[in-house]
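First the structure, in the form of C-alpha cells, and then the observations on it.
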Amino acid sequence: MRLLVASRLPVPSVVVRQAAMTITLESLPVELVTAILEQLDLASLIIVSYLSRRLHSIASDRSLNPWRAPILRNLHSGVYEDSLKHLSVRTTVPRQNWIEIVSLAQPRLLLFEATLPNMKEADWQEGFKRRFLPGWEKWKRDTTWQETFKKCVHVRVFGHSYIENVGYCLGCGTAA
C-alpha cells in the first residue's frame with residue numbers, strides 16, 4: 001500500500017490505479033452515451049456516429065435512437081439545419097424518424113429541399129395519416145402513398161387543385 005503524503009493514511013493500490021484511468025466516451029454505458037448524443041446538433045451527430053464502431057452501433061440502434069431529439073428540435077424550431085435536408089442518405093439514421101419528419105416538417109422542405117428516403121409503403125401511409133385528416137385519403141385512388149402524400153402537400157401549399165390527367169398543377173407547373 002502507498003501512503004498519502006498529506007494525510008499519511010494508507011490508500012489501496014486499486015484506488016490509485018482507478019484515479020489514473022481516464023474516462024472516455026467509449027467507456028461510458030450505452031444509455032449515457034445515447035443521452036449525450038441526443039444533445040448534439042445533427043451535423044455533429046453525423047460526424048460522431050462515424051468515429052468508432054461502438055458509436056456507429058449506438059447511433060444506428062432503433063431502440064436507442066439518439067436522432068429523434070435533434071430531429072424534433074429542428075422540426076419544432078422551424079429553422080432547419082442543412083443536415084436535415086439530406087439525412088435520408090445516412091445509413092445510421094433509423095427510418096422510423098422519417099415518419100416524424102414527413103408528418104411535422106414544413107411543406108417547402110418536403111417538396112423542394114429535402115432528399116426524401118425510400119420508405120416502405122406502410123411508412124408513407126403512417127406519415128400521411130399523421131399529417132392529414134381522414135377525408136384526404138380519397139386522393140389515394142390507384143397511386144402509391146408516397147405520390148398521394150406529395151399531391152396533398154402540394155395542394156395545401158399552393159391551394160390549387162391537382163389535375164390528375166395532366167400530372168401537375170396548372171397554376172404553378174409543379175409536378176406533385
* To do: Going by C-beta contacts inside 10 Å, put GLU31, GLU147 in order with the fewest on the left.
  => GLU31, GLU147
* List the extent of the Cα atoms of the stretch 75-154 along each of their three principal axes, largest first, rounded to whole Å. => 34, 24, 18
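Within a Cβ distance under 15 Å of VAL157, other residues only, what is the Lys/Arg minus Asp/Glu net charge?
Around VAL157, the charge tally is +4.
Considering only Cα-Cα distances, which of the following residue pairs are longer than 19 Å: LYS85/LYS138; LYS129/LYS151; LYS120/LYS150? It would help to have the intermediate numbers written out before the result.
Working: LYS85/LYS138 29 Å; LYS129/LYS151 14 Å; LYS120/LYS150 15 Å.
LYS85/LYS138, as the Cα separations exceed 19 Å there.
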* Fully extended contour minus Cα-Cα distance, from VAL89 to SER63, at 0.36 nm per residue -> 7.4 nm
* Burial order of peptide ranges 34-44, 101-111 (average beta-carbon count within 10 Å, highest first) -> 101-111, 34-44
* Ranked packing of 148-158, 129-139, most packed first, by mean Cβ within 10 Å -> 148-158, 129-139
* Structure fact -> In order over the stretch 115-132: 3J(HN,Hα) from phi, Karplus 6.51/-1.76/1.60, θ = phi - 60°, whole Hz, x for each Gly or Pro, gives 8, 6, x, 8, 9, 5, 4, 5, 5, 5, 5, 4, x, 4, 5, 6, 8, 10
* Asked: Which ³J(HN,Hα) values in Hz, rounded to whole numbers, follow from the phi angles of the stretch 22-30 under the Karplus curve 6.51 cos²θ - 1.76 cosθ + 1.60, where θ = phi - 60° and Gly and Pro get x?
  -> 9, 9, 10, 4, 5, 8, 7, x, 4
* To do: Any chance you could run the full-extension gain for ARG141 through LYS120? It's 0.36 nm times the residue separation minus the Cα-Cα distance, nm to one decimal.
  => 5.8 nm
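Here, each number is a calculation from the coordinates, and none is a lab measurement. Worth saying up front: this structure is predicted, and the values here are computed from it rather than measured. Here the Cβ is made from the backbone with ideal geometry for all residues, glycine too, and neighbour counts use every protein chain on show.
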